[in-house]
Amino acid sequence: MSLGLDVVDQLLVDGVRARQLRPLARTITLIESLRPDHRARAQRVIEALLPDTGGAMRVGISGVPGVGKSTFIEALGLYLIGQGLRVAVLAVDPSSSVTGGSILGDKTRMELLSQRTEAFIRPSPSAGSLGGVADKTRETLLVCEAAGFDVVIVETVGVGQSETAVAGMTDIFCLLQLPNAGDDLQAIKKGIMELADLIVINKADIDARQAMMAKSQIKSALGMLRHTSPNWMPPVLTLSALKQDGIESFWAEIVRFRDTMRASGEFGTKRRDQAQAWMWELIDSGLRQRFRDNPRVKTDLPGLQKAVAEGHTTPAAAAHRLIGYLSQD
Ligand code: GDP
């Protein structure tokens, strides 16, 4: 239902549905805006587009800087276009808001792909916390689905918690690894390997033997880890993004994963769980914001914090009093 939309926003909705890239980009700009009136308009537009969402395969791709993510995504994107599909590439890069510079997502990457009309590449939103950046990317993903993209790739870099955020918004989460001993250990240590539905050892063209060794190491490590599904053992593939060798087998595994998850019912369950978890994240962050904006909290918080630190009051009593202010709004 698009009731309550003004003319300008209705044009955005119609344009996105008609698969036009300019209304799509303008809608994403609204989503990324920090202005409350823009946020409200973005919510109305997304709500109107909701019935048109859900149709894409949502693919998460992660890996440390230099592993070959953009080379790989470009090769994959061009391959998918060759199969008659339309591809959107989004990014979650919390580093861009911390340092003002972005590890991912500047427009000069994926030059060939960005020239194709069947592709849409959007860099990471640059303002806000990881949670804020991830929310905007989730909303952008929905809008891209409404614009008829068959595959939405969400890229993230192997720093911090962004992998968990991306695994939480995609159907399949793929981890790119270097064929070096030690790269897999880092991923295991950080718990990223346990999020992976599919592991790719890139740059296999440099030293095929080393790539095979890395593959068997990762395979045996996987045997000891928890997996994302009881019905799926994460495959380990070797490929070369640069030589575009192995892209077809990669996509075949994605399709096999989707079919397996659909057959077991997990595909739909995962999306429903993700939507609910997203709602709860928004409730948590909304409540936190309301709490911090509350005038009495603002006045009393510094004193109470000090009292807790000095042992004059208990953390529980202080928290109880501060939270109580919310119900007196
Ligand atoms: P990102 O930082 O993960 O996006 O990595 P890039 O895609 O920018 O790649 C980093 C470097 O690795 C570039 O110089 C690429 O040309 C190179 N590279 C990427 N994939 C391969 C590959 O499969 N084989 C080789 N030999 N080099 C690659």
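The values are calculated or read from the model by the stated rules, or taken from the named source; none is laboratory data. Note that the structure is a prediction, hence the values are computed from the model and not measured. Reconstructed Cβ throughout: ideal geometry from the backbone, glycine too, with neighbour counts over all protein chains shown. All accessible areas refer to the heavy atoms of the entire protein, side chains included, with ligands and DNA or RNA removed. Shrake-Rupley method; radii C 1.70, N 1.55, O 1.52, S 1.80 Å.
Data overview
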{"quantity": "Long-range amide H partners of residue 313 with built H, under 5 Å", "calculated": "308"}
{"quantity": "Extent along principal axes [Cα atoms of the stretch 278-328; Å; largest to smallest]", "calculated": "38, 20, 15"}
{"quantity": "Charge dipole (the stretch 200-313, unit charges on Cβ, about Cα centre) - positive-most of 297, 241, 229", "calculated": "297"}
{"quantity": "Fraction of accessible area attributable to carbon and sulfur, the chain (%, probe 1.4 Å)", "calculated": "56"}
{"quantity": "Amide H partners (placed H, <5 Å) of residue 67, local residues excluded", "calculated": "none"}
{"quantity": "Given charges at beta-carbon only (K, R positive; D, E negative), |dipole| of the stretch 228-307 in Debye", "calculated": "480"}
{"quantity": "Among 38, 7, 51 - extreme Cα towards positive end, dipole of the stretch 1-52, charges at beta-carbon", "calculated": "38"}
{"quantity": "Per residue accessible area in Å² of the chain, where ligands, DNA and RNA are left out and the probe is 1.4 Å", "calculated": "50"}
{"quantity": "Cα long-axis angle, helix 130-146 against the chain (0 to 90 degrees, to the nearest 10)", "calculated": "60"}
{"quantity": "Residue-wise HN-Hα coupling along the stretch 236-243, computed from phi with Karplus coefficients 6.51, -1.76, 1.60 (Hz; x: Gly, Pro)", "calculated": "10, 10, 10, 7, 10, 5, 4, 8"}
{"quantity": "Label-point gap, in nm, between residue 248 and residue 164 - each point 7 angstrom along Cα→Cβ", "calculated": "4.0"}
{"quantity": "Solvent-accessible ranking of 109, 292, largest area first, probe 1.4 Å", "calculated": "292, 109"}
{"quantity": "Hits among aspartates and glutamates - C-alpha to C-alpha of residue 136 under 15 Å, sequence gap 8 or more where chains match", "calculated": "32, 47, 93, 145, 155, 281"}
{"quantity": "Cα gyration tensor, the chain - rounded (a/c under 1.5), prolate or oblate", "calculated": "oblate"}
{"quantity": "Karplus (6.51, -1.76, 1.60) ³J(HN,Hα), θ = phi - 60°, over the stretch 30-40, in Hz, Gly and Pro reported as x", "calculated": "4, 4, 7, 5, 8, 6, x, 5, 5, 4, 5"}
{"quantity": "Solvent-accessible surface ranking, highest first, for 321, 39 at 1.4 angstrom", "calculated": "321, 39"}
{"quantity": "Dipole magnitude of the chain, debye to nearest 20 (Cβ charges: Lys/Arg +1, Asp/Glu -1, about Cα centre)", "calculated": "340"}
{"quantity": "Length added when fully stretched, residue 320-residue 256, from 0.36 nm per residue minus Cα-Cα", "calculated": "17.9 nm"}
{"quantity": "Cut-off 16 Å, label 7 Å out along Cα→Cβ of residue 20, residues of the stretch 131-152 by amide N", "calculated": "147-148"}
